[in-house]
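Here's the structure we're looking at; comments come further down.
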Amino acid sequence: MAAIRFAAAILIYCLLPAAVLSYGFPAALKLERVIPANHEMELSQLKARDKARHGRLLQSLGGVIDFPVDGTFDPFVVGLYYTKIRLGSPPRDFYVQVDTGSDVLWVSCASCNGCPQTSGLQIQLNFFDPGSSVTATPVSCSDQRCSWGIQSSDSGCSVQNNLCAYTFQYGDGSGTSGFYVSDVLQFDMIVGSSLVPNSTAPVVFGCSTSQTGDLVKSDRAVDGIFGFGQQGMSVISQLASQGLAPRVFSHCLKGENGGGGILVLGEIVEPNMVFTPLVPSQPHYNVNLLSISVNGQALPINPSVFSTSNGQGTIIDTGTTLAYLSEAAYVPFVEAITNAVSQSVRPVVSKGNQCYVIATSVADIFPPVSLNFAGGASMFLNPQDYLIQQNNVGGTAVWCIGFQRIQNQGITILGDLVLKDKIFVYDLVGQRIGWANYDCSMSVNVSATSSSGRSEYVNAGQFSENSAAPQKLSLDIVGNTLMLLLMVINMFL
């Protein structure tokens, strides 16, 4: 809390339902994991979708707000995590996939060729028209902001029209290209106990004029992609360079009961958080996985399998649905799981995937798994974090290993299967990533460093969309404030 000189002022602060931030967002954006009706998909289809994703991997005053989420509890359909943002003046809504595996925010442009017109996700697709926004300006090649993405290959120069441009080609042959625009990102903030709508910040983002391949499929179409990488063209880097946000963001992705979650520009504070260092000089969020344990026993995997050299290693990516291991790690992992449950289930192979016919709860049968990282941090996985239910027939269920194998690449990718139901903190200043198991339907405490160097806290996840008043207070914040009040009163006695 900011320092208070008088006891009376502290008493007033005790009555306030949330802290006033004097620096940084955290601005929490609505995350939705919407799963379209009648779009059930098999593991092979999910793997194909992730393969396209992996092509991408290889090639002031602030406040807090969050929104209710929609979706379905069925885990075996295609879903994706996305948030709604507002761009331009007047603002228009755009639904963009949250992607920690890329850097750039881009949306479909009004002049787009091949962009989808409708979406099976039951959302209204929009197209950004620079001519309809009074604050929009194209970014020229000579603009200093164009140079932000040159080193990371996120931008280039179009000699034809002198516009700062981009082209992203994906592994499955699909891709997008367009030009960069500077315009305002609009968002609502909670300042103290009041809602401050339509706050703005200037950002550079892509206006997509062409899309091909998987991006044009309407069943899961969104307006674009919100890249949360740490390169210069990412929105988190742009806002930090303006002094508007700290270089840290967090998410908590809910896996069950409709999905959804919280996305915050700021640090979610949780006492059980553990951290591992980021591998330096990598384009993505690479961490150093050292070993995998099943039932407390380390698997016989050569440590070189997880080597972080030559662009290899372990990548944290919210845009990947499943999780992926190199062949040398995948085989002992599946063998250990199968050996642990062989007396209680019937192992079967379905379309190349190791599956199990089960007549009871997986939590009662399948062993715990831990991924062990540099710095002594372990990520503990429940069976639902490495299994996917394929079907349920006649009182028995078929569950399959959700981890897939990657051949001849030396890469491990941790996608939503593993990332869900956990708080993740991306500390870009400290160059580390932290996590903790968490019920993402609950509210969270968010910290941002103020301009005075102090830490400010706000409780996120407790504001309704139609009300500026919090529904409840964080007991930690109230307790700490009362303690401070008693200490100051004692000073005056």
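Electrostatic tally near SER155: other residues with Cβ closer than 11 Å to its Cβ, Lys and Arg +1, Asp and Glu -1, net -2. The label point for VAL134 and the one for VAL357, both projected 7 Å from the Cα toward the Cβ, are 6.8 nm apart.
Where nothing but the Cβ of Lys and Arg (+1) and of Asp and Glu (-1) is charged, how large is the charge dipole of segment 262-408 around its Cα centre, in debye to the nearest 20? Intermediate values should be presented prior to the final figure.
Values: 3 positive and 7 negative charges, 73 e Å.
Once rounded to the nearest 20, the dipole reads 360 debye.
Taking θ as phi - 60° and the Karplus parameters 6.51, -1.76 and 1.60, the scalar couplings of segment 80-93 work out to 8, 8, 9, 10, 9, 10, 10, 10, x, 9, x, x, 10, 7 Hz in sequence order, x denoting glycine and proline.
Within 15 Å, Cβ to Cβ, of GLY88, how many net charges do the neighbouring residues add up to if Lys/Arg are +1 and Asp/Glu are -1?
Values: positive: LYS84, ARG86, ARG92; negative: ASP93, ASP129, ASP183, ASP223.
So the environment of GLY88 carries a net charge of -1.
The residues of segment 311-380 expose on average 37 square angstrom of accessible surface per residue, using a 1.4 Å probe on protein heavy atoms. The fraction of Cα-Cα pairs per 10 angstrom bin, counted from 0 for segment 73-146, comes to 15, 41, 33, 8, 3 percent, rounded to whole percents. Mean projected area of the convex hull spanned by the Cα atoms of segment 155-291, taken over all viewing directions: 12.9 nm².
When each of the peptides 296-304, 261-269, 412-420, 128-136 is scored by the mean number of other C-beta atoms lying within 10 Å of its residues, the order from highest to lowest reads 261-269, 412-420, 128-136, 296-304. Could you run the Debye sum over the Cα atoms of segment 325-366, one equal point scatterer each and no solvent, and tell me log10 of I(q)/I(0) at q = 0.22, 0.24 Å⁻¹, two decimals? Debye output, listed in q order: -0.76, -0.87. Distance between the 7 Å Cα→Cβ label points at THR167 and ASN302: 3.9 nm.
Using heavy atoms of the protein chains and a probe of 1.4 Å, the accessible area assigned to ARG346 is about 140 Å². Taking Lys and Arg as +1 and Asp and Glu as -1, the other residues whose beta-carbon sits under 10 Å from that of PHE275 total 0. The modelled label-to-label distance for the pair LYS84/THR212, using points 7 Å beyond Cα in the direction of Cβ, is 3.4 nm. For segment 290-440, what % of the accessible area comes from carbon and sulfur atoms, probe 1.4 Å? Solvent-exposed carbon and sulfur of segment 290-440 make up 48 percent of the total.
The values are calculated or read from the model by the stated rules, or taken from the named source; none is laboratory data. Predicted, not measured: the structure shown is a model, and the values here were computed from it. Glycine gets a Cβ as well: all are built from the backbone with ideal geometry, and neighbour counts include every protein chain shown. We work out accessible area using only protein heavy atoms, side chains counted, and drop any ligands, DNA or RNA first. Shrake-Rupley method; radii C 1.70, N 1.55, O 1.52, S 1.80 Å.
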